[in-house]
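Working notes, beginning with the structure itself.
Every read-out reported here was derived from the displayed coordinates using simple, explicitly stated rules and does not represent laboratory data. Note that this is a predicted model, so its numbers are computed, not measured. Virtual Cβ from ideal backbone geometry, glycine too; neighbours counted across all protein chains shown.
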Amino acid sequence: MDKRMTVDEAVAGVTDGMTIGIGGWGSRRKPMAFVRALVRKGVKDLTVVAYGGPDIGILCATGQIKKAIYGFVSLDSIPLEPHFRKARQQGSIEAVELDEGMFRLGLMAAAQRLPFLPTRAGLGSDVLPANPLLKTVKSPYEDAEELVAVPALKVDVAFIHMHRADAQGNGQCLGLDPYFDNLFCMSADKAYMSCERLVPSLPGDEPVQTMLINRMMVQGVVEAPNGAHFTECPPDYERDEKFQREYATTAKDPAAWDAFRAKYLDVSEEEYQKAVAS
């Protein structure tokens with residue numbers, strides 16, 4: 001089955017109030033072409049589940065996020081995402097912060113269609129009283145140990161970005177770290193993958209571990225060269241640090257943000273790529 005589509009077709013089914021999973025990690029291999037398409041679509045009251053970076057920051061700045069569930073929200077070379085910081089300080093979003101390992105367990109639970117998975121992480125810490133989402137359970141075995149029950153982080157739609165993909169929806173990761181994009185896809189009712197390049201078929205001589213996404217995980221695939229910009233996507237390209245710094249400064253200047261949005265976000269993906277190349 002040929003699953004090729006455009007980025008705007010991939011986000012067409014996203015509606016107000018949905019829960020969106022966004023792959024990648026901080027400012028690394030984020031599916032930014034999809035994020036920009038969500039901005040153009042104008043959907044609001046979103047719950048966003050992510051190891052956050054500029055995806056959460058941009059959607060905070062555009063006022064489209066109602067709730068963010070995250071392990072962190074960072075631009076990596078800039079430790080705390082500035083637009084996210086601003087939203088938290090203003091109290092304009094509901095925030096649910098989980099330990100990174102807890103976050104992974106939540107994705108795993110959703111991927112396995114389980115209501116929760118247990119962990120010892122968080123016991124005896126302020127994570128539990130500060131986060132009403134988390135409950136404790138007792139082991140049903142002889143020790144009756146108290147454990148933290150991390151709820152499933154089930155999402156309506158997930159978006160990820162891979163290095164290579166074929167038309168059937170198989171995706172290949174060429175970077176050193178696969179992150180958890182496969183879990184985002186498996187935790188979602190529907191998932192869509194963008195890629196740097198569509199290929200007729202994925203090479204059989206690559207290590208099997210690079211074939212991170214299989215065609216059963218996604219409903220659509222989009223060829224989006226430079227689609228993770230301005231985040232990094234090695235070995236294809238590094239993070240655009242100059243662009244990222246320009247973006248970060250707009251959190252303190254509403255006029256600069258309006259200009260940035262008009263130039264880079266309220267435009268088609270083709271116009272965006274031309275703007276950043278000039």
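Observations on the model:
- Loop GluC sites (Glu not before Pro), segment 201-251 (other Cβ atoms within 10 Å of the site Cβ: 15 or fewer; DSSP): E238
- In straight-distance terms, cross-link reach from K86 covers every one of the lysines whose alpha-carbon lies under 22 Å from its own, apart from those fewer than eight places away in the same chain; here that gives K30, K44, K66, K67, K242, K252, K263.
- Segment 138-186 and segment 43-106: distance between their alpha carbon centers, rounded to Å: 18
- Each Lys and Arg contributes +1 and each Asp and Glu -1, all at the Cβ; summed about the Cα centre of the chain, the dipole is approximately 520 debye.
- Relative contact order, whole percent, for the chain stands at 21, derived from Cα pairs under 8 Å and 6 or more residues apart.
- Two-site FRET efficiency, A144 against A12, from Cβ-Cβ distance with R₀ of 51 Å, rounded to 0.05: 0.55
- Placing unit charges on the Cβ atoms of the charged side chains and taking the dipole of the chain about its Cα centre, the candidate lying farthest along the positive direction among A61, A130, F184 is A61.
- On the basis of the beta-carbon distance and an R0 of 51 Å, S278 and L114 show a calculated FRET efficiency of 0.55.
- Given the chain, longest segment not containing exposed loop trypsin sites (Lys or Arg not before Pro) (DSSP; at most 12 other Cβ within 10 Å): 121-278
- Angstrom value of the Kirkwood radius, inverse mean 1/r, which spans all Cα pairs in segment 182-246: 13.7
- Charged-residue dipole, Cβ positions (Lys, Arg, Asp, Glu), segment 8-110 about Cα centre, Debye nearest 20: 220
- Contour minus Cα-Cα distance for A95 and K41 (0.36 nm per residue): 17.1 nm
- Virtual spin-label span in nm between M1 and A259, 7 Å along Cα→Cβ: 4.7
- Computed over segment 147-278, relative contact order equals 23 percent, with contacts defined as Cα pairs under 8 Å that lie 6+ residues apart.
- Highest-fluctuation residue, Y264, Y141, Y247 considered, GNM on the chain with Cα pairs under 10 Å: Y141
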